[in-house]
Amino acid sequence: MKRLRIAALLIGLSPAYAQAQLKNLKSLPNLDKDIPVTVGIQPDLPLVTPGGKLGHWGVGNGGDWLRISFARAREYAAHVVLRINPHSLSRIQSANIRDWIMKNQKFLAADILQTEHVWVNEEKPSCAFTVPPGSGQVPTSNPIQFSYPTCRSHPSAPVNFMQAAQLLIHEATHHFNADETTADLIAIGIIDAWQSGLMDSLPLGLTNAPGSMQQHAAVWTGDRMIVVGGFRDEIPDYLNTAYSYDPASRQWTNLNPPDWFTPRGQPNAIWTGSEVLIWGGFDRSGDTTTWSFNGALYNPSTKVWTQVNHPDFWKPAQALVTTYPLQTVVWTGDKAIVWGGYDTTGQSLGAIFDPTTRTWSRMAVTAQAPRTLEGHSAVWTGDSMIVWGGYSGNNVVTDYGAIYNLATDSWKPIAGKGQGAPTARAGHQAVWTGNAMVVISGGGVGTSTDLTSTGGLYYPATNTWTNYRSELMTERYGHRVVWNGEEVLLIGGQSRRLATYFGEVYAFNPITLRWRILPGSVTPPPRSFSSIVWTGSSALVWGGYAGNSKTQRSGAQYFP
């Protein structure tokens, strides 16, 4: 039992919750607190010596391959149990079964990992069986016993890895005093959720959903995703819509923006803690493109929209390029910093907005500030804003940037070309991890081969870069990223070089510099210029462009 407790803590139970559960266990009668637990393949199990009656060690012709399979399946089964989320159990009709699984999830996974496997040579009615702990002993790791003859030849014996995992889940539930029917419903329901793709992703509901869209903005408010603006190819038209999505009910709500909120593609959206600040974007009529140097505040509690105009000291100039956003917005914790574009004199535009007072203040625009017209990235580090890359005008992509210190209202350049910075690019994505800015892929006037699978990490503490390259993640633009506290999650994008759109969700570990594709039973449709937000436990993806003048009216919730 000690090992079961330790395993439960290691696989993710909060210390407070775990201790509370252990306190409950200690109060139960007749509980053996030191049940011996053996993990792994043991050499002293019956009739499994090399050349023995049931076959050679590891040859797989009669004996030990069964033990090896179940030893491997135990880790797989525990992993599956740990990936359960409330949405993944939606196909289980019984609320009692769903509640049981969620209540016992992590202790069940710990039990699967720690329970001893004992193999016998006697024929049994079933491949595996275990002894329930009896009244007042929940849970306890009584060994799971396996019959070699039955597991090899009985019609009900597992014939593949998934069935072996299901059997282990079934038997482990008996250690919580679940009866046979309950154990069947639990094990079948969990494996069905895994095979159906409901543990790694869940399609977003379409009840009251907006139409198809790309180039929109999305932000997470704490309990809702709000989606604003965008472009719909089928009309074609730019949108002035705003919708919220509740992942708990899987339903959408039209937020009905006022008439003064104009259509816009590529807007920015940030959450202030009480309101959504929407800023910028562009509209197009025929060959005329109009950039919006205005925005709005929306309060979800009061449902009030407030108009936000650009500061009086701006004289913004219209830009001709529209592939990427003209301006970026970062949230400092109490203010928003807007950067990007030029004024009528050719000076870079920047200002600080206070949503509490609805007022703007100037920020320094010195010679050390980056001259970025569009397609740059900006991240907030906790005390400074880092701006990097993008177009500087005349379709020239850059490989330089600068740091703006809010407290001192000053800029300083960061290491650039020849100092380890990635190659010049625009339309890349960037996130702040807590100690580094991660720059991911991007394009330019034409995506060149030197951008293939590249990016970099910038460390402001040392003014240094670390570059990475991976063949797994093809170069792209139109992708979207979000930081989940451990990895950068990336959705979609497209490659000019390969004329390809991507739909997979990737995860990048900034410590190991390794990429992985999120596991999934369902192949996601390709999409570029979609949106992705992190809820604290899952990522919500919506919309995007799939090529051939088709935008997506679909999305998914991912559980990495």
Please sort by residue number the GluC sites (Glu not before Pro) in the range 78-131 whose DSSP state is loop and whose Cβ has at most 11 other Cβ atoms within 10 Å. Glu122, Glu123
Inter-site label distance for Asn395 and Asn160 at 7 Å from Cα along Cβ, in nm: 5.2
Under 5 Å, built H, 5+ apart or other chain: amide partners of Asn294: Gly280
In nm, the gap between the two label points placed 7 Å beyond Cα toward Cβ at Glu486 and Asn121 is 4.5
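Can you give the FRET efficiency to the nearest 0.05 for Thr262 and Asp184, using r as the Cβ-Cβ distance and R₀ = 56 Å?
With a Förster radius of 56 Å, E is 0.45.
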Centre separation in Å (Cα based) which lies between the range 396-432 and the range 259-291: 25
Given pairs Lys303/Lys550; Lys315/Lys550; Lys315/Lys335 and cut-off 26 Å on Cα-Cα distance, the over-length ones are Lys303/Lys550; Lys315/Lys550
Contour excess over end-to-end distance, with Cα ends at Ala461 and Arg516 and 0.36 nm allotted per residue: 17.0 nm
Rounded to whole Hz and in sequence order, give me ³J(HN,Hα) for the range 513-518 from the Karplus expression 6.51 cos²θ - 1.76 cosθ + 1.60, θ = phi - 60°, writing x for Gly and Pro. 6, 10, 9, 9, 8, 4
Using the alpha-carbon centroid of each, what span in Å lies between the range 465-522 and the range 79-129? 33
Grab the other residues whose beta carbon is less than 14 angstrom from that of Ala556, score K and R as +1, D and E as -1, and report the net. +2
Going by amide H atoms built from the backbone, whose H comes under 5 Å of the H on Arg264, apart from near neighbours? Gly230, Leu239, Asn240
Please enumerate, by chain and number, the aspartates and glutamates with C-alpha under 19 Å from the C-alpha of Lys417, excluding those fewer than 8 residues away in the same chain. Asp399, Asp450
What do you get for trypsin sites (Lys or Arg not before Pro) in the range 339-374 restricted to DSSP loop and a cutoff of at most 15 other Cβ within 10 Å of the site's Cβ? Arg358, Arg362
At most 13 other Cβ within 10 Å, DSSP loop - chymotrypsin sites (Phe, Trp or Tyr not before Pro), the range 237-287: Trp260
Built amide H within the under 5 Å cut-off of Leu406, gap 5+: Met385
Residue by residue through the range 275-292, the couplings from Karplus 6.51 cos²θ - 1.76 cosθ + 1.60 with θ = phi - 60°, in Hz, x for Gly and Pro, are 9, 9, 9, 10, 9, x, x, 9, 10, 9, 10, x, 9, 9, 10, 10, 7, 9
With a point put 7 Å past each Cα toward its Cβ, work out how far Asn177 is from Gln347 in nm, to one decimal. 7.6
What aspartates and glutamates sit close enough to Lys106 to cross-link, taking a C-alpha to C-alpha distance under 19 Å and skipping anything fewer than 8 places away on the same chain? Glu75, Glu116, Glu171, Asp184, Asp192, Asp200
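Throughout, read-outs are computed from the coordinates displayed, never taken from laboratory work. As the structure is a prediction and not an experimental result, all values here were calculated from the model. When we count neighbours, we look across all protein chains shown, and the Cβ atoms used for this are built from the backbone with ideal geometry, even at glycine.
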